[in-house]
Amino acid sequence: MSDLAAARAGSAESTAAARNLDELLMASGHERQGGDTCTICLDYVEWPMIEHSKMNMCCMKRVCNGCVLAARRRGLLDSCPFCRTPPPTGDASLLAMVQKRVDKGDAAAITFLGAKYYDGELGLAKDVPRAFELWTEAAELGSLEAHYELGIVYYKGNRVEEDKPRGIRHWKQAAMKGHVTSRHILGAVEGENGNQQLAVQHWMISAKMGYEK
């Protein structure tokens, strides 16, 4: 096979793979990911989740406000409603909790620590390469939030060379597994590119999963 023929064959395979990925994208991820549920009652947390639930750093488990209230009424005022661990006493204590989960290969903890390195929080020096390393590891472990964060920084070129296709691939990986905000942002990208019908399809999926935006 000549070099030209090989290049054409490779291009055709790449196009077919992209088409198959897009078909899978639209056919899957119509249910919210398991990480959107309360660890105690197992109900999906209402959007925006940050207002209706709490992520406990000791165990990296999400607990809805209703279960937090129920735990307090039972006298669990100074411990995690899920694992009963006392709350951290400061940044160093919080970081130690997170690092303990990171050492156990907890994808949510690795994603969280990546964000702290990216922004230079909890007493950590800002270290963007370390943040990318952690987010990449977490994504490989199945963290949809890590895929979302990588999508943001690559698409927008935030502290890294802009790579919009790479960013979109991360969002697609997350959206196919029920990451609602990744699905929503894919709709925005398609709308910006003039693909209004496809944008509406993405937004209809995210709206049916309770995402009001």
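Of note:
- Reciprocal mean inverse distance between Cα atoms of the stretch 62-155 - Kirkwood radius, Å: 14.5
- Apolar share of the accessible surface for the chain: 51 percent from carbon plus sulfur atoms, 1.4 Å probe.
- Here the contact order of the chain, divided by its residue count and restricted to Cα pairs under 8 Å and six or more residues apart, works out to 16 percent.
- Mean projection area, nm², convex hull over Cα of the stretch 88-128: 2.6
- Residues whose placed amide H lies under 5 Å from that of Ser53, excluding near-sequence neighbours: Asn65
- Restricting the stretch 21-94 to trypsin sites (Lys or Arg not before Pro) in coil, as DSSP defines it, with at most 16 other Cβ within 10 Å: Arg74, Arg84
- A 1.4 Å probe run over the chain, with the rest of the protein chains in place, finds 57 Å² accessible per residue.
- Computed accessible area, Phe82, all protein chains, 1.4 angstrom probe, square angstrom: 90
- Pairwise alpha-carbon distances in the chain exceed 29 Å for 36% of all pairs.
- In this structure the amide hydrogen of Lys61, modeled in the peptide plane, comes within under 5 Å of the amide hydrogens of Asn56, none closer than 5 places in sequence on its chain.
- With the Kirkwood sum run over all distinct C-alpha pairs, the stretch 36-109 has a hydrodynamic radius of 12.8 Å.
- Restricting the stretch 107-203 to GluC sites (Glu not before Pro) that sit in a DSSP loop and have at most 14 other Cβ atoms within 10 Å of their own Cβ leaves Glu121, Glu161, Glu162.
- Test item: Cα-centred dipole of the chain, Lys/Arg +1 and Asp/Glu -1 on Cβ, debye: 660
- With a Förster radius of 30 Å applied to the beta-carbon distance between Lys100 and Glu140, the computed FRET efficiency rounds to 0.90.
The values are calculated or read from the model by the stated rules, or taken from the named source; none is laboratory data. These figures come from a predicted structure and were not determined experimentally. In this analysis, Cβ positions are derived from the backbone assuming ideal geometry, glycine residues included, and neighbour counts consider all displayed protein chains. Quick note on the areas: whole protein, heavy atoms, side chains included, nothing else; ligands and nucleic acids left out. Shrake-Rupley method; radii C 1.70, N 1.55, O 1.52, S 1.80 Å.
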